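Enquirer: Could you have a look at this structure, given as structure tokens, before my questions?
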Amino acid sequence: MKYAYYPGCSLESSSRMYDSSLREVFRCLDLELVELEDWNCCGATAYFSVKETVSLAVSARNLALAELSNLDIVAPCSSCFTILLKTHHMLEGNTELSDKINEALGAVGLSYKGTVRVRHPLEVLVNDVGLDKIRKTVKVPLDGFAIAPYYGCQIARGESSFDDSEDPVFMDKLFATLGARLVYFPHKVRCCGGMLMYTWEDIAVRLVTDLMRCAQENGAHLISTTCPMCHANLDLHLKQVRKLYPEAKPMSTYFFTQLLGLALGIPAEKLGFDLNYIPIDQRLKDVIQRTREVSHA
Amino acid sequence: MVQKSPDRNYTPGKLPLRERALRMAFLQRIHDIPGGEKLHRCIQCGTCSGSCPVSWAMDLMPRELIAHFRAGDIETILHSRTIWLCASCYACTERCPQGIRVTDIIYSLKRLAIDSDITLEHDGAHKLPQIFVDIINKYGRNHELGLMMRYYLRTNPLQLLRMASLGLAMMKRRRITFTPPRVEKALKDIRLIIAHAERLEVPKEIFSPEYRPDTVGYRAIDKVSSRSSKSPSTTE
Ligand code: SF4
Ligand code: SF4
Ligand code: SF4
Ligand code: SF4
């Protein structure tokens, strides 16, 4: 199967391990990703807060490019996924608006007819590949691992309909397939504060503290996430979290693709486990050691 | 606390001119939200406020935004921290029993605040999205370090010092870079698209009251059942 790939800006820098691990996992499962040539930022929540028409046009350029390739577009960043999907839905059935956007896109000879399916890689893995195939491909089961599945606020909400909005289960199912134990994690769709970490740090730190405390008190060894911003917020601010919650352990947060990659036997170096700010924990080191043995065997 | 503008005189039952203008501008901005007219169905249940992860830090609850709109007091909303505190998490939208897209309404309010030059007095939060827009217009993609530096320089330079060691650690891991991203064709194209779209943007200025019918709010209850976008009729 083949998909148009929209990495988004964060996957080029702060969460480049999400990018590398996603590519590795897709390759391992025989899924082809064709990166959209010369994609541009989807505009995120920020552009949409400033200008409506322009931000939709900026975002729609990527959809128009994907439409040319006739492929579904895979967007791993929660924000990109949400904005691309939102753009698609806002233009659908609103001729007045889509005429405007197409007029703007027309300036460079593009147009968007509205035929692209915006997909999240989590959903692609569960629906297109299927848990059965994944189960058969697992080389190093993640047993003994207690994972807090953190979906973040956006991917199950808004226009997205692949999973339950209050209690999504796709990541739970995936990790259960890999042999891990999922801890009770009622904050799975609670917002981490996103960009508030820049604008009102104290407020965002409280949200992050809630998440870390919830994971820790429910016995998680690590948090698995689907979103670059969540990852940054959970990974980089332990010091501030400890002011509110002195017992906070250095709990690592990884992208679900990193953990999946490990279970599939992909060498840890290719998955970017060393890029977190919070140091890697012992239990994970052991699994990484086991993957090494598997790949050498 | 929400600041009130000092020079407002109220005549009960009549909206001041500026408030009228803001109201028209607001209605025009929610026009493109699919199902935007559902705003008039709000039953003030407070589910949105109860679901919001940051309502505890807000000066106006999400529910109160709608109450203020109905009361003819958009200016207070635009001065509130609330609209800039909203993290666009969609919890309110997801749970609203009336199907009101509170998140999208707040997006509209942000744009209206920027267009009307109403900004927060003691915080710089409203500047972040505008800096982001500048960066996208310039490079076509976001440059995380650039965004952070510019934002802190304009709002809280001391924070840059506090972030220095974190920044270095990130740089060591090549998770942030000094150089902005490079896109070749996209940059030219995206600038052209932006220039064109700017001309088609929802106008900043206020328009004649005929421009859009008031399809939301008390006045419109029971009069309008669906969005009448094609044939605007006057409400006065
Ligand atoms: S949402 Fe974030 S990651 Fe996605 S394209 Fe925009 S800035 Fe980049
Ligand atoms: S949880 Fe945070 S980073 Fe993740 S999608 Fe929500 S706001 Fe964005
Ligand atoms: S949840 Fe919906 S109906 Fe209830 S107060 Fe909020 S906007 Fe109104
Ligand atoms: S979208 Fe904004 S207002 Fe709604 S719940 Fe989230 S933060 Fe609160």
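The values are calculated or read from the model by the stated rules, or taken from the named source; none is laboratory data. Fair warning: this is a prediction, and the values are worked out from it, not measured in the lab. With ideal geometry, Cβ positions are generated from the backbone for all residues, glycine too; neighbour counts draw on all protein chains shown.
Enquirer: Can you tell me which residues in segment A:226-246 are under 17 Å from B:M148 (Cβ atoms) and either away from ligand 4 (no atom under 16 Å from the Cβ) or in contact with a strand residue (DSSP E or B) (Cβ under 6 Å, 6 or more places away or on another chain) (or both)?
Expert: Within segment A:226-246, A:P228, A:H231, A:A232, A:D235, A:L236, A:H237, A:Q240 qualify.
Enquirer: Out of all the residues in segment B:29-47, is one or more within 13 Å of ligand 4 (Cβ to nearest atom) and free of Cβ contacts under 8 Å to residues at least 60 places away in the same chain?
Expert: Yes, segment B:29-47 has at least one match.
Enquirer: From the list A:V50, A:V129, which one is on the phi < 0 side of the Ramachandran plot, within 16 Å of ligand 1 (Cβ to nearest atom) and not aromatic (F, W, Y)?
Expert: Values: A:V129 fails: within 16 Å of ligand 1 (Cβ to nearest atom).
Among A:V50, A:V129, only A:V50 is on the phi < 0 side of the Ramachandran plot, within 16 Å of ligand 1 (Cβ to nearest atom) and not aromatic (F, W, Y).
Enquirer: Right, next: Which residue is farthest from ligand 3 (Cβ to nearest atom), if the candidates are limited to segment B:10-61 and must be β-branched (V, I, T) and assigned by TED's automatic domain parsing to the domain that holds B:S80? It would help to see each step written out before you state the result.
Expert: Our first condition is that a residue be β-branched (V, I, T); within segment B:10-61, this holds for B:11, B:30, B:33, B:43, B:47, B:54.
In the following step, the residues that additionally are assigned by TED's automatic domain parsing to the domain that holds B:S80 were identified as B:30, B:33, B:43, B:47, B:54.
Numbers: B:I30: 13, B:I33: 13, B:I43: 5, B:T47: 4, B:V54: 15 Å.
Checking each candidate, the answer is B:V54.
Enquirer: For the list (1) surrounded by fewer than 23 Cβ atoms within 10 Å (Cβ to Cβ); (2) more than 16 Å from ligand 1 (Cβ to nearest atom), I need the number of the one condition that B:R111 fails.
Expert: Unmet condition: (1).
Enquirer: Quick one: which of A:I280, A:I288 is touching a Phe, Trp or Tyr at 6+ places or on another chain (Cβ under 9 Å) and assigned to a loop (DSSP other than H, G, I, E, B)? Give the derivation first.
Expert: Working: A:I288 fails: assigned to a loop (DSSP other than H, G, I, E, B).
When all the criteria are applied, what remains is A:I280.
Enquirer: Just to be sure I understand the filter: pairs with C-beta atoms under 7 Å, separated by 6 or more residues or on different chains, first member in segment B:176-191 and without any contact (Cβ under 8 Å) to a residue 24 or more places away in the chain, second member part of a loop (DSSP other than H, G, I, E, B) and surrounded by 12 or more Cβ atoms within 10 Å (Cβ to Cβ). Which pairs pass?
Expert: B:E184/A:D38; B:K185/A:D38; B:D189/A:V108
Enquirer: Only residues that are closer than 17 Å to B:G36 by Cβ, away from ligand 2 (no atom under 16 Å from the Cβ) and in contact with a Lys or Arg (Cβ under 7 Å, 6 or more places away or on another chain): list them for segment B:92-117, please.
Expert: B:Q98, B:G99, B:I100, B:S108, B:R111, B:L112
To keep it simple, each residue is scored yes or no on (1) polar (S, T, N, Q); (2) within 13 Å of another protein chain (Cβ to nearest Cβ); (3) buried (at least 22 other Cβ atoms within 10 Å of the Cβ); (4) within 16 Å of ligand 2 (Cβ to nearest atom).
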site: B:W56; (1), (2), (3), (4): no, yes, no, no
site: B:G72; (1), (2), (3), (4): no, no, no, no
site: B:Y90; (1), (2), (3), (4): no, yes, yes, yes
site: B:L128; (1), (2), (3), (4): no, yes, yes, yes
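Enquirer: Could you check how many residues of segment A:273-293 are within 18 Å of A:I223 (Cβ to Cβ) and either modelled with pLDDT under 85 or surrounded by fewer than 15 Cβ atoms within 10 Å (Cβ to Cβ) (or both)?
Expert: Initial filter on segment A:273-293 (within 18 Å of A:I223 (Cβ to Cβ)): A:273-285, A:287-288.
Narrowing further to those that are either modelled with pLDDT under 85 or surrounded by fewer than 15 Cβ atoms within 10 Å (Cβ to Cβ) (or both): A:274, A:279, A:281-283, A:285, A:287.
Looking only at that region, the number is 7.
Enquirer: I'm checking my understanding of the structure. Among residues of segment B:155-176 that are under 29 Å from the mean Cα position of the chain (by Cα) and in a helix (DSSP H, G or I), which one is nearest to B:L120 (Cα to Cα)? Steps first, please.
Expert: Taking segment B:155-176 and keeping what is under 29 Å from the mean Cα position of the chain (by Cα), we get B:155-160, B:163, B:176.
Pick out the ones that are also in a helix (DSSP H, G or I) and you get B:155, B:157-160, B:163.
Working: B:T155: 12, B:P157: 18, B:L158: 20, B:Q159: 19, B:L160: 21, B:M163: 24 Å.
Looking at the filtered set, the residue picked out is B:T155.
Enquirer: Further question on the same structure: Just wondering, is there one or more residues in segment A:55-78 that are at the interface with another protein chain (Cβ under 7 Å from one of its Cβ atoms), closer than 21 Å to A:C230 by Cβ and either crowded, with 24+ Cβ neighbours inside 10 Å or not β-branched (V, I, T) (or both)?
Expert: Filtering segment A:55-78 down to residues at the interface with another protein chain (Cβ under 7 Å from one of its Cβ atoms) leaves A:57-58, A:61.
Then keep just the ones that are closer than 21 Å to A:C230 by Cβ; that gives none.
No: segment A:55-78 contains no residue that is at the interface with another protein chain (Cβ under 7 Å from one of its Cβ atoms), closer than 21 Å to A:C230 by Cβ and either crowded, with 24+ Cβ neighbours inside 10 Å or not β-branched (V, I, T) (or both).
Enquirer: Could you list all residues from segment B:149-169 that are within 7 Å of another protein chain (Cβ to nearest Cβ) and surrounded by 15 or more Cβ atoms within 10 Å (Cβ to Cβ)?
Expert: Within segment B:149-169, just B:Y151 meets the criteria.
Enquirer: Looking only at segment B:105-126, how many residues end up being away from ligand 4 (no atom under 14 Å from the Cβ) and either within 9 Å of chain A (Cβ to nearest Cβ) or in a helix (DSSP H, G or I) (or both)?
Expert: Looking only at segment B:105-126, we keep the residues that are away from ligand 4 (no atom under 14 Å from the Cβ), and these are B:111-124, B:126.
Filter once more, so that each one left must be either within 9 Å of chain A (Cβ to nearest Cβ) or in a helix (DSSP H, G or I) (or both): B:111-115, B:123-124, B:126.
Summing the residues that are away from ligand 4 (no atom under 14 Å from the Cβ) and either within 9 Å of chain A (Cβ to nearest Cβ) or in a helix (DSSP H, G or I) (or both) in segment B:105-126 gives 8.
Enquirer: Looking at this structure, is B:V102 buried (at least 18 other Cβ atoms within 10 Å of the Cβ), at the interface with chain A (Cβ under 8 Å from one of its Cβ atoms) and either over 22 Å from A:C80 (Cβ atoms) or under 19 Å from the mean Cα position of the chain (by Cα) (or both)? Write out each step before concluding.
Expert: Working: buried (at least 18 other Cβ atoms within 10 Å of the Cβ): yes; at the interface with chain A (Cβ under 8 Å from one of its Cβ atoms): no; either over 22 Å from A:C80 (Cβ atoms) or under 19 Å from the mean Cα position of the chain (by Cα) (or both): yes.
No; evaluated as a whole, the condition is false for this residue.
Enquirer: Take B:S80 and tell me if it is within 16 Å of ligand 2 (Cβ to nearest atom) and either within 23 Å of A:A204 (Cβ to Cβ) or of a type outside the set (G, A, S) (or both). So that I can check it myself, show each step before the final result.
Expert: Details: within 16 Å of ligand 2 (Cβ to nearest atom): no; either within 23 Å of A:A204 (Cβ to Cβ) or of a type outside the set (G, A, S) (or both): yes.
Spelling it out, it is not the case that B:S80 is within 16 Å of ligand 2 (Cβ to nearest atom) and either within 23 Å of A:A204 (Cβ to Cβ) or of a type outside the set (G, A, S) (or both).
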